[in-house]
Amino acid sequence: MDLSGDQSVAWTAEFDPTREFVPTGPTSLRGELKATLQGGYVDVDRLCEALDAAFTVDEQGRASGDQEKEVDLQLRTKRR
């Protein structure tokens, strides 16, 4: 897949967050990445923790419901 140019790319995935695999150090990105996480409170919090271990995470917004929440994040390579 060629990702050159000014084109935006969108991916969607479903995760089942567990504590079995949590990144232990920084992971490189070739630029900034925006992510929207949506799901149950515990699951979204676990995924946020895992992302925070690997990237610099800036929260851009959030919405909370009765049993779910949505968090908009901007991810960048974490400086060592």
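Picking from residues in region 34-80 that are assigned to a loop (DSSP other than H, G, I, E, B) and modelled with pLDDT under 90, the one that is nearest to the chain's Cα centre (by Cα) is K78. Within region 6-18, residues that are surrounded by 10 or more Cβ atoms within 10 Å (Cβ to Cβ) have Cβ atoms under 6 Å from residues that are modelled with pLDDT under 70 and not aliphatic (A, V, I, L, M) in no pair, counting only partners at least 6 apart in sequence or on another chain. Checked against the criterion of being free of Cβ contacts under 8 Å to residues at least 40 places away in the same chain, charged (D, E, K, R) and farther than 23 Å from A10 by Cβ, the candidates E70, E49 yield just one match: E49.
The values are calculated or read from the model by the stated rules, or taken from the named source; none is laboratory data. Just so it is clear, the model here is predicted, and its values are computed rather than measured. A quick note on method: Cβ atoms are made from the backbone with ideal geometry, for glycine too, and the neighbour counts reach across all protein chains shown.
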